[in-house]
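The values are calculated or read from the model by the stated rules, or taken from the named source; none is laboratory data. Quantities reported herein were computed from a predicted structural model and do not represent experimental measurements. Heads up, the Cβs are rebuilt from the backbone with ideal geometry, glycines too, and the neighbour counts pull from every protein chain shown. Keep in mind that these areas ignore ligands, DNA and RNA; they rest on the heavy atoms of the full protein, side chains included. Shrake-Rupley method; radii C 1.70, N 1.55, O 1.52, S 1.80 Å.
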Amino acid sequence: QVQLVESGGGLVQPGGSLRLSCAASGILVRFYVMNWYRQAPGKERELVSGIGRGGSTNYADSVKGRFIISRDNNKNTVYLQMNSLKPEDTAVYYCNAHWSYDYWGQGTQVTVSS
């Protein structure tokens with residue numbers, strides 16, 4: 001049974017930082033394209049960042065220079081370091097594992113507010 005479990009969300013002030021974690025079981029993250037998506041209230045889910053099987057990374061324009069995605073194969077975990085957070089980053093953040101199938105986590109809430 002595949003499980004992706006996100007953690008690390010919470011309430012942070014503008015300009016602050018959070019690190020999200022996505023711990024996987026039932027799959028090996030190094031064999032998947034691992035993505036972080038987010039969905040704000042009333043908006044469609046959007047791709048925030050991804051890391052390929054070879055380690056290449058990509059970012060949405062809105063988070064470039066502020067977010068960093070990484071992967072620890074030993075821990076079978078993917079991270080999203082989020083810096084210089086803005087109120088518009090407020091959303092539920094979802095971990096996704098993509099290859100032949102798509103697997104999703106349950107999401108973790110990130111709220112950026114003073």
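Odds and ends about this structure:
- The residues of the stretch 87-102 that are surrounded by fewer than 17 Cβ atoms within 10 Å (Cβ to Cβ) and hydroxyl-bearing (Ser, Thr, Tyr), listed by number, are 100, 101.
- Residues that are among the acidic types (Asp, Glu) and buried (at least 21 other Cβ atoms within 10 Å of the Cβ) are absent from the stretch 54-75 altogether.
- Checking residue 84 against (1) in contact with a strand residue (DSSP E or B) (Cβ under 8 Å, 6 or more places away or on another chain); (2) surrounded by 13 or more Cβ atoms within 10 Å (Cβ to Cβ), the condition it does not meet: (1)
- Residue in the stretch 27-46 that is on the phi > 0 side of the Ramachandran plot, out of contact with any helix residue (DSSP H, G or I) (no Cβ under 6 Å at 6 or more places or on another chain) and open to solvent by less than 60 Å² (accessible area, probe 1.4 Å) present: no
- Residues located in the stretch 1-37, provided they are in a loop (DSSP other than H, G, I, E, B) and within 15 Å of the chain's Cα centre (by Cα): 8, 9, 17, 32
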